[in-house]
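As structure tokens, the structure follows; a few thoughts come after it.
The values are calculated or read from the model by the stated rules, or taken from the named source; none is laboratory data. Nothing here was measured: the structure is a model prediction, and the numbers come from that model. Positions of Cβ are backbone-derived with ideal geometry, glycine not excepted, and every protein chain shown enters the neighbour counts.
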Amino acid sequence: MRADGIWVYNPGCNLSMSSNREAAATETWRRTLSAIPTVLGRLAYLASLRDANSGTYQHFGLAQRVGEGEVDRMLRRSHLAIFQEWLCFGLEQQKQELEEYFSGLEGDRREIVANWLSLEPYSSWIPAESRDVERKLFHADLGVILEMIRADYGVASRDPDS
């Protein structure tokens with residue numbers, strides 16, 4: 001407000017408050033993701049926030065702070081970054097991550113591995129913005145790792161001829 005009592009719109013002030021709010025939401029989001037113990041778990045969580053029909057990412061709590069459009073952009077970037085982080089791991093680290101992820105799931109480990117081999121539930125975890133080569137690498141890496149884990153746990157092969 002000016003000295004004469006007239007309110008003056010200061011867009012810089014509003015932008016600053018908006019930027020501060022977005023920065024706080026981003027930091028909160030980083031802490032939320034870091035609470036998930038594995039990169040693979042983060043990938044699964046982010047994929048679960050994407051609407052399968054529209055491809056839009058949704059998170060009610062974040063949307064209350066920064067708006068739906070910003071939430072979609074923030075989660076879309078996070079999903080792709082986590083996906084690419086996973087792809088940068090070597091197979092041994094990916095195997096450790098998958099085994100740790102499995103340890104957090106309820107159910108018989110052998111049954112989980114068998115279902116993963118036949119149903120490939122991880123296929124929906126790939127970000128829409130990923131490149132075709134990244135998608136192929138993701139599937140190839142998980143296929144190799146699952147076969148290693150299948151052998152470790154003595155799960156019957158999904159291929160009856162092998």
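List of remarks:
- The set of residues from segment 69-110 being surrounded by fewer than 18 Cβ atoms within 10 Å (Cβ to Cβ), more than 13 Å from residue 39 (Cβ to Cβ) and in contact with a Phe, Trp or Tyr (Cβ under 9 Å, 6 or more places away or on another chain) comprises 73, 102, 109, 110.
- On inspection, residue 105 fails the criterion of being of a type outside the set (Phe, Trp, Tyr) and more than 28 Å from residue 27 (Cα to Cα).
- Residues of segment 135-162 classified as acidic (Asp, Glu), under 20 Å from residue 92 (Cβ atoms) and either surrounded by fewer than 18 Cβ atoms within 10 Å (Cβ to Cβ) or modelled with pLDDT under 95 (or both), total: 2
Yes or no, residue by residue, for (1) in contact with an Asp or Glu (Cβ under 7 Å, 6 or more places away or on another chain); (2) assigned to a helix (DSSP H, G or I); (3) under 24 Å from residue 50 (Cβ atoms):
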position	(1), (2), (3)
105	no, no, yes
129	no, no, yes
135	no, yes, yes
141	no, yes, yes
147	no, yes, no
151	no, yes, no
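- Sub-7 Å Cβ pairs linking a first residue in segment 66-89 that is at pLDDT 95 or above to a second residue that is part of a helix (DSSP H, G or I) and exposed (fewer than 15 other Cβ atoms within 10 Å of the Cβ), at least 6 apart or interchain, are 87/137, ordered by first then second residue.
Yes/no per residue for (1) buried (at least 16 other Cβ atoms within 10 Å of the Cβ); (2) of a type in the set (Val, Ile, Thr); (3) within 14 Å of the chain's Cα centre (by Cα):
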| position | (1), (2), (3) |
| --- | --- |
| 20 | no, no, no |
| 27 | no, no, no |
| 32 | no, yes, yes |
| 38 | yes, yes, yes |
| 45 | yes, no, yes |
| 50 | yes, no, yes |
| 60 | no, no, no |
